[in-house]
Amino acid sequence: MSPFFVITGIVTLLGAAFAMSLRNLVHCALAMAVAFSGIAALYLQLDAQFVGFAEILVYVGAIAILIVFAILLTRSGEAPENSVLTSGWMAGIAVSAMLFTMLGWAVLNSSAIPKEIPPAPVATVKNVGDALMTKFVLPLEIIGLVLTAAMIGAVIIALKEDSQKSKSEDGGQQ
Amino acid sequence: MFDKLDQIFVTALHWLVSYVPEMLRPVVSAMICIAFVMSVFPGVFALTTVLERKILGRIQNRYGPNRVGIPFTKIRLCGFGQFIPDGIKSLTKEDIVPRAADKVVHFLAPVVMLIPVLLAYAVLPFGKNMTITDYDAGLLFFFAVGGAVEVSVFMAGWSSRNKYSLLGAMRAIAQMVSYEIPLILSAVTVVMVVGSLNLSEIVKHQNNYTFGIAHWHVFTPWGLVGFVLFFIASLAESNRTPFDLPEAESEIIAGYFTEYSGFKFALFFLGEYLGMFAIIGLGITLFLGGWTSPVSFLTWIPSYVWFLSKLMAIVFVFIWIRGTLPRLRMDQLMNFAWKFMLPLALINIFVAGIWHYMAADWQRWLVCSAIIFGAYAILGRGLMQNQNFGKRIYRYAE
């Protein structure tokens, strides 16, 4: 593990921890954006370019903004007075630690995972694109169709519903 | 001779790096490239601020800055020394932070703005063999880091605790999200035809000549439409007039950086202009042939000269538009993006597909141009509906 990898890993974990523990929800959302960027940096260091870029493009560029907007539109800006932790936080930590131990034990002892680490596959953006265009072309086309339908639907929702009413509103503006 | 001049920076880099021990070479080479970007493009920014004020002055029938030249001499340089006192002024001004502001986020916002903008320069080919990191997916990288700018705009607007700042940030994010879609969709056509996301590869594809004229993508029907869409969307992405609603002085003071002063304001200013140069650079790379020359008998001019002159030419058009067009209304802005640019960009992708698969003769020119012209006419008519463009009616206060 290179020092850069360790540093980005620590930054990612710190961002995630702050996203859980800060009082102000907007701060939490921004900390989560830091965690997302850290994950993207980790992907890039592991030579997974496509996933790394998609992580930034989708999570930092779109989802973080979406979350922040949702917070702004639904709540007032004041931070809550009471503590972030609920009363039963000790029990929560105990339960989650137990769950983590059990899952970790199960994964490490599973027969489905090969014991030897296989050689790293070469996954350039070109390979990902080739796979999407040949082997996975049908799922890709369906996703594309669904997303285009969603986009057209958004445009239709944004259209004015009552043209009669809008005409009378627009009349004086020009 | 001309080849050597063309490659002078590449040779200089190799020469400098050869003096460093083997182990440190990647780091030193990266540092030199960063120093290059950090010195050249802020320099272009400094010149552009003066140029912008002078051109706007000419458009508005006044002189613009024409006094400051070299200090302690009588040389005036037509006022092109103006950026030095401007820089000193912004460095020495008091940094005011509002009492109610969220101090940490307020401090971080200009920094977060500048980092992705500077990262975007990593993949742009400034000249022949002059790409800093030649990523396979350079175009994807550019758009990915561009998406992170929105976070900084939100941070600035929200942390200032000022209604104008928040309004400006909301407007800016709505605008950036809306215009990012036509921006990316218009770039997709180039990727389809070239078959690569690598920006150097895209430039190489345009570096051929027929009858002495270059194969720039802008000289094809889909490329022309793509370039115009890209140009308009990049105007909106860099918050320039007529899309400057996020920082409309007469409505919301300065938008999301209302509460910034001194050097933080200068950082925002710098970030905005560097973002503009980066996106223009991408537009040049995608549609205007990058560092290639438009005609074959001018190929001896160094590639970086071509890149920078194309950049400055488009910057001039940006300034010209700023001096000419009024600001759009919010509904006009959104209507234009979603009802005109988005459908046209989708049809343009379709046209690029037809162009790719039809035989290379006059028929594909006819078919592609006809589809684009029809789509343009129908969409334009759709956009004009319910907008009575009659005689202007003035209403006065009683």
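Report, to the nearest whole %, how much of the accessible area of segment B:86-159 belongs to carbon and sulfur atoms, 1.4 Å probe, protein only.
On the way: 2010 of 3020 Å².
Its accessible area is 67 percent carbon and sulfur atoms.
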### Query
Tell me, what HN-Hα J-couplings in whole Hz come from the Karplus equation 6.51 cos²θ - 1.76 cosθ + 1.60 at θ = phi - 60° for each residue of segment B:103-113, using x for Gly and Pro?
4, 5, 5, 4, 6, 6, 3, x, 5, 5, 5
### Query
Given springs between every Cα pair under 10 Å in a Gaussian network model of chain B, which of B:Tyr304, B:Tyr209, B:Tyr121 has the largest fluctuation?
B:Tyr209
### Task
In whole angstrom, note down how far apart the Cα centers of segment B:54-106 and segment B:286-349 are.
27
#### Entry: Coordinate range along principal axes, alpha carbons of segment B:253-398, Å, largest first
65, 46, 24
### Query
In whole Å, how far is the Cα centre of segment A:34-56 from that of segment B:140-208?
18
### Task
Springs between alpha-carbon atoms under 10 Å, Gaussian network over chain B: tell me which of B:Glu52, B:Glu201, B:Glu22 tops the mean-square fluctuations.
B:Glu22
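What does the charge dipole of chain B about its Cα centre add up to, to the nearest 20 debye, if the Cβ of each Lys and Arg holds +1 and the Cβ of each Asp and Glu holds -1?
The calculated dipole for chain B is roughly 1240 debye.
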### Task
Step through the table entries A:Lys135/B:Lys339; B:Lys310/B:Lys339; B:Lys54/B:Lys74; B:Lys89/B:Lys163; B:Lys264/B:Lys310; B:Lys339/B:Lys391, compare each Cα-Cα distance with 23 Å, and write down the pairs that go over it.
A:Lys135/B:Lys339; B:Lys310/B:Lys339; B:Lys89/B:Lys163; B:Lys264/B:Lys310; B:Lys339/B:Lys391
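Inside 10 Å of the C-beta atoms of B:147-157, what's the mean count of C-beta atoms belonging to other chains? Each step should come with its number before you reach the end.
Details: counts 10, 9, 1, 6, 11, 0, 1, 9, 4, 0, 0.
That average works out to 5.
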### Message
Under 10 Å, Cα contacts only: if you run a Gaussian network model on chain B, which one of B:Val203, B:Val20, B:Val37 comes out with the highest mean-square fluctuation?
### Response
B:Val20
### Query
So for the pair A:Phe69, B:Leu325, with labels modelled 7 Å out along Cα→Cβ, what separation do we get in nm?
2.3
#### Entry: Gyration tensor verdict on the protein assembly as shown (Cα atoms; rounded if a/c is under 1.5, prolate if a/b is larger than b/c, oblate otherwise)
rounded
### Query
Tell me, what does the Kirkwood hydrodynamic radius of chain B come to in angstroms if you use every pair of distinct C-alpha atoms?
23.0
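The values are calculated or read from the model by the stated rules, or taken from the named source; none is laboratory data. None of these values were measured; they are calculated from a predicted model. Counting neighbours? That spans all protein chains shown, and the Cβs are built from the backbone with ideal geometry, glycine included. Remember, those area values only see protein heavy atoms, side chains included, never the ligands or the DNA or RNA. Shrake-Rupley method; radii C 1.70, N 1.55, O 1.52, S 1.80 Å.
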